[in-house]
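Notes follow once the structure below has been shown.
Each reported figure results from applying straightforward, stated rules to the coordinates on display, with no laboratory input. Note that the structure is a prediction, hence the values are computed from the model and not measured. Using ideal geometry, Cβ is built from the backbone for each residue, glycine included, and neighbour counts are taken over all protein chains shown.
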Amino acid sequence: MVRKNIIWAVVIIATALIQTTWLAEENFRVMGVSPNLVLLLVIYFAITEGEERAMFTGVLGGLFQDVGSDSVIGHHILCYVVVGFLTGRIAVRLITQHPAVKVGLVCIAGAVDGILYSGIASVQNAQWMVFSDLKRIVVPATLYTALLTPVVFFLMDRLFHRYFAPQT
């Protein structure tokens, strides 16, 4: 169990660092946005292990994103924790094995995350254009992230279920 938690933490930290460094460059952007890999991991853990692991994923990934970006500490953390909790609560009521359900959850979670993030930013800065950001950044970023859902979920399934499946 300790080994699984260490690998979990390393994966989250590495993902947050990749998102704030490599994916922040223009080479990886499509229409000016990059995918939200930390959000994908929050949703993955909400589906596979419940809201508690998803919320811890949000705290760890959000902390590294807040430190690596120019946002206030806690901005990403709050958004990821709320999204992880809500997705974890919803996922127990769905049949989440179908890829379309997973992509749909990522789309909904990406929209909620973007609305929360933009709402908090608008409170902190009165000049922030919330509706403009929703159309220009949140929708394309959510769709870009949703396109990566099958690949990231497959890789995470291979890593966590292959090596950490219960021995019978």
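The table below gives the values:
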quantity: Breaking point among (1) within 16 Å of V152 (Cα to Cα); (2) surrounded by fewer than 17 Cβ atoms within 10 Å (Cβ to Cβ); (3) in contact (Cβ under 8 Å) with a residue 60 or more places away in the chain; (4) not small (G, A, S), for L41; calculated: (2)
quantity: Residue check, V33 touching a residue at least 40 places away in the same chain (Cβ under 8 Å) and in contact with a Pro (Cβ under 6 Å, 6 or more places away or on another chain); calculated: yes
quantity: Helices (runs of 4 or more DSSP H) fully within the stretch 56-168 counting 1 or more residues that are of a type in the set (K, R); calculated: 75-91, 99-124, 149-164
quantity: Residues located in the stretch 87-98, provided they are over 16 Å from T149 (Cα atoms) and surrounded by fewer than 17 Cβ atoms within 10 Å (Cβ to Cβ); calculated: R89, I90, V92, R93, L94, I95
quantity: Restricting the stretch 22-38 to residues that are of a type in the set (A, V, I, L, M) and farther than 19 Å from I108 by Cα, the residue that is surrounded by the most Cβ atoms within 10 Å (Cβ to Cβ); calculated: L23
quantity: Residue within the stretch 136-151 that is surrounded by fewer than 16 Cβ atoms within 10 Å (Cβ to Cβ) and among the β-branched types (V, I, T) present; calculated: yes
quantity: Residue match in the stretch 4-16 (condition: buried (at least 18 other Cβ atoms within 10 Å of the Cβ), closer than 24 Å to L134 by Cβ and over 12 Å from the mean Cα position of the chain (by Cα)); calculated: no
quantity: Residue list for the stretch 1-46, restricted to those being part of a loop (DSSP other than H, G, I, E, B) and not acidic (D, E); calculated: M1, T21, W22, L23, A24, R29, M31, G32, S34, P35, N36
quantity: Yes/no for S118 being more than 23 Å from A46 (Cβ to Cβ) and hydroxyl-bearing (S, T, Y); calculated: no
quantity: Inter-residue pairs, beta-carbon under 8 Å, first free of Cβ contacts under 8 Å to residues at least 60 places away in the same chain and in the stretch 86-104, second hydroxyl-bearing (S, T, Y), 6+ apart; calculated: P99/T149; K102/T96; K102/T149; V103/T149
quantity: Selected residue (criterion: surrounded by the fewest Cβ atoms within 10 Å (Cβ to Cβ)) from residues of the stretch 44-67 that are acidic (D, E) and closer than 24 Å to R158 by Cβ; calculated: E52
